[in-house]
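Here is the structure we will look at.
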Amino acid sequence: MDEELERDERVFLLGEEVAQYDGAYKVSRGLWKKYGDQRIIDTPITEMGFTGIAVGAAMAGLRPICEFMTFNFSMQAIDQVINSAAKTCYMSAGLQSVPIVFRGPNGSSAGVAAQHSQCFAAWYGHCPGLKVVSPWSAEDARGLLKAAIRDDNPVVFLENELMYGVPFEMSEESQSKDFTIPIGKAKVERQGSHVTLVAHSRYVSHCLDAAAVLSKEGVECEVVNLRSIRPLDMECIEASVMKTNHLVTVEGGWPQFGVGAEICARIMEGPAFNYLDAPVTRVSGVDIPMPYAKILEDNSVPQIKDIIFTVKKTLNI
């Protein structure tokens, strides 16, 4: 964000506690001191209001980054996100762009119960006019956030609270000020030949851990990091399925009408279907509001053992 604020004076950040407090998760640390009140703006606790201000600013030619302290709170502002931001380019016959980024933590954290644990990838991925990205690694987050800020369309940028403190190695290339990752391109994080695991955000880590365990048992998993929910990189997924002949999708959100369900349908409708040797299977969050008790919470989101179990069931071993 710092580099993009420096690069383009039209970029500004607004949200709850983003300025003087340095961000609820310290993501905007130091930005207020560097850029001041005009470009790093603390807002009242009124998502509907400040999201409307941000969308209006985007229509007027600025490039706002609108932070939700958690995407659960974006429900307060969903009319602005969908009806004002996502549909305006279409309704104006392409004359009015809305270059805005909605960002913040998405999905379950730890011990924050039902109203702060929801995954909105499928919600926003459902809506034409939005681009929806869900980074996993530091390189993903850097490259996709830069691409999102520079994009002329509204982008929903789904971070994960539990990934904020996870260190990643970064390539020389990714540390360039002009490094971007194209929105809509998935990445194969691990090559394999027996089964394809498709995930986004935190669950890419789970898939890689499960793949390491299964590798010791002679099962080689190919792990695909979606990075982008809308548009979905079906070409990457199909190419992997044609190679491995098996597919397991993994996500933290609820199963019904979820990201995994969409991938299942697209595989059924596309050229990769004839390559499948077994039905596509899904690993997802349990179909309940998130419980508060830790033991129940652990059993409500996918664990590494769940992925291993599902892979073995899919491969009939």
Taking a ≥ b ≥ c as the square roots of the eigenvalues of the Cα gyration tensor, with a/c under 1.5 meaning rounded and otherwise prolate when a/b exceeds b/c and oblate if not, segment 195-273 is oblate
For W136, the residues 5 or more places away or on another chain with a placed amide H closer than 5 Å to its own amide H are A141, S201
Per the charge dipole of the chain (beta-carbon charges, Lys/Arg positive, Asp/Glu negative, Cα centre), the residue among A93, G52, M69 reaching farthest to the positive end is A93
Whole-Hz Karplus couplings 3J(HN,Hα) for segment 204-211, θ = phi - 60° and coefficients 6.51, -1.76, 1.60, Gly and Pro as x, run 5, 4, 4, 5, 5, 5, 5, 5
Output for segment 130-235: GluC sites (Glu not before Pro) sitting in coil per DSSP, at most 12 other Cβ within 10 Å, listed by number, reads E169, E172, E217
Carbon and sulfur atoms account, in whole percent of the 1.4 Å probe accessible area of segment 161-245, for 49 percent
For the pair K312 and F273, the simple spin-label estimate (label points 7 Å beyond Cα toward Cβ) gives in nm 3.2 nm
Probe 1.4 Å, heavy atoms of protein chains only: per residue, the accessible area of the chain in Å² is 46 Å²
Computed over the chain: longest principal axis from alpha-carbon atoms vs helix 138-150 long axis, angle to nearest 10 degrees, is 50 degrees
Exposed-loop cut sites defined as chymotrypsin sites (Phe, Trp or Tyr not before Pro) in DSSP loop states with at most 15 other Cβ within 10 angstrom; longest site-free run of the chain spans 22-163
Charge tally for neighbours of Y275 with beta carbon under 13 Å away, counting Lys, Arg as +1 and Asp, Glu as -1, is -1
Row for segment 119-161, column shape: gyration tensor on C-alpha, a ≥ b ≥ c, rounded if a/c < 1.5 i.e. under 1.5, prolate if a/b over b/c, else oblate; value oblate
For K131, counting only lysines whose alpha-carbon sits under 26 Å away and dropping same-chain residues fewer than eight positions off, the answer is K26, K87, K146, K177, K185, K187
Each label sits 7 Å from Cα toward the beta-carbon; between D209 and Y90 the label points are separated, in nm, by 3.9 nm
Scalar couplings 3J(HN,Hα) for segment 157-163 by Karplus 6.51 cos²θ - 1.76 cosθ + 1.60 (θ = phi - 60°), nearest whole Hz, x for Gly and Pro, are 10, 8, 8, 9, 4, 6, 8
Amide H neighbours of R63 at under 5 Å, excluding residues fewer than 5 places away on the same chain, with H built from the backbone geometry, are V11, F12
Segment 223-292: relative contact order from alpha carbon pairs under 8 Å, six or more residues apart, as a whole percent, is 40 percent
Long-range amide H partners of L247, meaning residues 5 or more apart or on another chain whose placed amide H is closer than 5 Å, are T196, T281
In the neighbourhood of C89 defined by beta carbon distances under 13 Å, the net charge of the other residues (Lys, Arg +1; Asp, Glu -1) is 0
Two pseudo-spin positions, 7 Å from Cα along C-beta at I295 and at S176, lie apart in nanometres by 5.4 nm
Note on the chain: contact order normalised by length, alpha-carbon pairs under 8 Å, 6 or more apart, percent, works out to 14 percent
Measuring from the longest principal axis of the C-alpha atoms of the chain, the long axis of helix 47-59 (C-alpha) lies at a number of degrees, nearest 10, equal to 80 degrees
Measuring from the longest principal axis of the C-alpha atoms of the chain, the long axis of helix 259-269 (C-alpha) lies at a number of degrees, nearest 10, equal to 60 degrees
A student applying the Cα gyration tensor rule (rounded when a/c is under 1.5; otherwise prolate if a/b is larger than b/c, oblate if not) would label segment 101-143 oblate
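The values are calculated or read from the model by the stated rules, or taken from the named source; none is laboratory data. Please read all numbers here as calculations on a predicted model, not as lab measurements. Glycine gets a Cβ as well: all are built from the backbone with ideal geometry, and neighbour counts include every protein chain shown. The protein model used for the area step is the full one, side chains on, heavy atoms only, and it has no ligands, DNA or RNA in it. Shrake-Rupley method; radii C 1.70, N 1.55, O 1.52, S 1.80 Å.
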